[in-house]
1. Can you say whether residue A:245 is without any contact (Cβ under 8 Å) to a residue 40 or more places away in the chain, assigned to a helix (DSSP H, G or I) and assigned by TED's automatic domain parsing to the domain that holds residue A:185, as far as the supplied structure shows?
2. Just need a number here: residues in the stretch B:55-71 that are surrounded by fewer than 18 Cβ atoms within 10 Å (Cβ to Cβ), facing another protein chain (nearest Cβ under 9 Å) and not aliphatic (A, V, I, L, M).
3. Among the residues of the stretch A:599-623, what is the count of those that are outside any loop (DSSP other than H, G, I, E, B) and open to solvent by 30 Å² or more (accessible area, probe 1.4 Å)?
4. Does residue A:224 satisfy being within 30 Å of residue A:162 (Cα to Cα), touching a residue at least 24 places away in the same chain (Cβ under 8 Å) and away from chain B (no Cβ under 11 Å)?
5. Mind listing just one residue for me: the one in the stretch A:256-276 that is part of a helix (DSSP H, G or I), surrounded by 20 or more Cβ atoms within 10 Å (Cβ to Cβ) and of a type outside the set (Val, Ile, Thr) and, of those, nearest to the other protein chains (Cβ to nearest Cβ)?
6. State all residues of the stretch A:549-559 that are buried (at least 17 other Cβ atoms within 10 Å of the Cβ), in contact with a Ser or Thr (Cβ under 9 Å, 6 or more places away or on another chain) and farther than 14 Å from residue A:583 by Cβ; if no residue qualifies, say none.
Amino acid sequence: MLDNIKEFASEFFVTGDPLIYGADVSIGLAMIAIITVLTYFKKWGWLWREWLTTVDHKRVGIMYIIASILMLFRGGVDALLMRTQIALPDIQFLEAEHYNQIFTTHGVIMILFMAMPLMFGLFNIVVPLQIGARDVAYPFLNSLSFWMFFFGAMLFNMSFVIGGSPDAGWLSYAPLSELSHSPGVGQDFYIWGIQISGIGSLATGINFIVTILKMRAPGMKLMQMPMFSWSVLSSCVTIIFAFPILTVTLALLFLDRYLGAHFFTLDGGGNPMMYVNLIWMWGHPEVYIVVLPAFGIFSEVVATFSKKKLFGYKSMVFAMMIISVLSFFTWLHHFFTMGSGADVNAFFAITTMLIAIPTGVKIFNWLFTMFRGRITFTTPMLWTLAFIPCFVIGGMTGVLLSVAPADFQFHNSYFLIAHFHQVLIGGVAFGYFAGLSYWWPKMFGFKLNEKLGKWAFWLWNIGFYVCFMPQYFLGLDGMTRRVSEYSWDMGWGPLNLVSTIGGFLMGIGFLFQVWQIAHSIKFMERDTTGDPWNGRTLEWSIPSPAPLYNFATLPQVKDQDDWWEDKQRKQQGLPSLKTPQPIEPIHMPKNSAIPFIKSLCWFVAGFGFVFDWLFFAIPGMIGVLICMLVRSFSYDTDYYIPVDEVKRTEAALRGTN
Amino acid sequence: MQERKMRLSPREAAHTEVGHGGHSAGHHGHDEHHEHEHESLKTFGFWLFLMTDCILFASLFACYLVLHGNTNGGPTAEELFEMPGVIAETFILLTSSFTSGLAVLAMHKKNLKGLITWLAVTVLLGASFIYLEVDEFLKMVHEGATISTSAFLSSFFTLVGTHGLHVSLGLCWMIGLIFQLKRHGITPVTMRKVNVISLYWHFLDVVWIFVFTIVYMMGVM
């Protein structure tokens, strides 16, 4: 009996690596600490009522952001472990197998569990406030999206200590990811972790399209909408067309592994190339999904801190929408070398180059917005300023890669690694950091410390170039991606060492960001104006943090940058164009435990499928169905906030002005 | 007015309505209009969901088209498919789409009994469709044509099975809805739910026409 348990445990838990034992201990300690703190301060009820069951978009957004910062830590540690292993030739720090797992989890976590939730967090916090709405279109679904993401991410991360991590690369090409080549459970963790959170992302896409199209404040025409909301719209349109493909691809891979189907296998008539095509039909739009909202953030930041209207508003809108469409016609450029033939390659090379045109338009729009503006160099503006040259270089190396014949040299080399990190860090990460510090006061009612923020910025920015510029040259010297070891005679040592130093600089930058947040919480200065940056759009017209119902009376919009125009009129002593509206009872959705419970059921089911334990999978799926039925049968899902309460809240919030 | 209302947030639209009806309409009228807008918002979201489902089926069809020739020495479409059963399935599903339309018509006439009856007929037709499909699948498995026999059969079972799963879920949902209609009658909320499920049902019908044409007809031709 005891032997049986021992044998089970040695297979069930990941064993044999001191790094992982260390992680086991720290995970255990962190969990005990959390439970103790919550119990000691009697916070369980608070956690349940105020956070786990909330359907308030602002709180859902904050939970997204917290989760994504934790994931940034995990993905960042993965990156530094990799950089340490290849800092110099012949380092025996990680075994090849462990290295494979780490580059796989690094990629998956950074894109799907860091960039996506950070993006969704900002969507949630900003979009309803920016378009003058009281919540998103479907608050219940919104909360469900978050919990699906959360439990999907937890399932994926669990593979680290239980069962073993996936190790077939972040997109897990078949046939490597098939049972024949990856017999362990890691690949199943990959499938279910991404599948569960992917369903959440799809729902978010639908939710925000409806919110933006149907719930804008009275008078706000589409072409007066703030640019961030436009970028969210273009990103969400891309989501709803791309994510179903991911759902199908992962489901088919699962059928191959679980039921012995032959979609992507080498035998039985399967076609592995079809996997590569399908995954990139989702994968390429996916990178535009994460970068488009960053473009929106830069547009807001650059206009606010140049004190000018955004240059070329219409061209910006068209550029974003064109990028959304073109993103579906470029997927094949990820595998020019895989034998599609010259004509097919030529088509995809040209579509890829075309993307550079709308992107170039945007760059000029941002530059002209700054031209003759009164620029203030706050942290969000610094991220934006650093983004522009970084993205231009990254974009140009992208155009180099799109030249199909040349790509036979660049393909899967460190040149490519440097390129996509440059657009993803320089574009996405810088963008979301800018957004985070820009909207932080709106979320919490106080600014982040500028001095520490600037330290973090410079460490990230310098660290970035030190880390990735050498990698272009390593790629040209023939170093391919995913090598876990190389010998002295390759001559790659010095550049790799420099690159690793850059990686650690960015790591220190991250620590500064954490310090910045902690320091700002401790020494915060409350922002009583609700408009600390002298902003232009509606979210700055209400107190920070925004009350539950956001707007006591819905704003009436007359202009693009309506709040700014309103302030200008006031300054010039002109009467406001707005007529005061009477406060009425406000319709709000009730909190619900179903999203949390349903996602937990998905988690249980996913875990069951990973280990082929039907006694987990079947109850889990039944739980999901019951949750759906319970929701369908509940009719008492809303309530009204009475006028008196709204008046009292408003007086308390604005009384301090 | 309808056009304009669609663009406004539900709350604002409700507000305009109250303005028209005068404040004496009071809280109740306000509530009802609000509900109406809220429901149209949900229907719009469901249209978007159907678009994503379209992409899902499109991907599965693409896989089927790529793989349908790869029979791996196993049975081919011509040898396996028995058209009489499939044609029966097709007519049953098309009829169920018609009866779900009749249910919606009954709802617009505020005829609760007719609505529930036609929904029940739809459920029965849908269930017979599923019965025939499962029977067809079981026969194939009996003949040794399983999901793991060849890439052709993997993609066949997955595509047709995904459609069948959609129909089955729709059945559960429709039965749940019949109970809700009995309890709540025809209200803006239940009306939206009936509209949405009939949309879903027609959508599955359209997908089936593609399955019938691309998988079965082209398979035996």
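The values are calculated or read from the model by the stated rules, or taken from the named source; none is laboratory data. Values in this document were obtained by computation on a predicted structure and should not be read as measured data. So basically every Cβ, Gly included, is an ideal-geometry build from the backbone, and we count neighbours across all protein chains shown. The area values use the complete protein model at the heavy-atom level, side chains included, leaving out ligands, DNA and RNA. Shrake-Rupley method; radii C 1.70, N 1.55, O 1.52, S 1.80 Å.
1. Yes: the conditions hold for residue A:245.
2. Residues meeting the conditions: 1.
3. The total comes to 13.
4. Here the answer is no, as residue A:224 does not meet what is asked.
5. Residue satisfying both the conditions and the ranking: A:274.
6. none
Residue by residue, here is whether (1) in contact with a strand residue (DSSP E or B) (Cβ under 6 Å, 6 or more places away or on another chain); (2) assigned to a helix (DSSP H, G or I); (3) open to solvent by less than 10 Å² (accessible area, probe 1.4 Å) holds:
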| site | (1), (2), (3) |
| --- | --- |
| A:283 | no, yes, yes |
| A:295 | no, yes, yes |
| A:300 | no, yes, no |
| A:311 | no, no, no |
| A:315 | no, yes, no |
| A:320 | no, yes, yes |
| A:325 | no, yes, no |
| A:328 | no, yes, no |
| A:336 | no, yes, yes |
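Conditions tested, residue by residue: (1) among the charged types (D, E, K, R); (2) open to solvent by 30 Å² or more (accessible area, probe 1.4 Å); (3) within 11 Å of chain A (Cβ to nearest Cβ).
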| residue | (1), (2), (3) |
| --- | --- |
| B:134 | no, yes, no |
| B:144 | no, yes, no |
| B:157 | no, no, yes |
| B:161 | no, no, yes |
| B:173 | no, yes, yes |
| B:186 | no, yes, no |
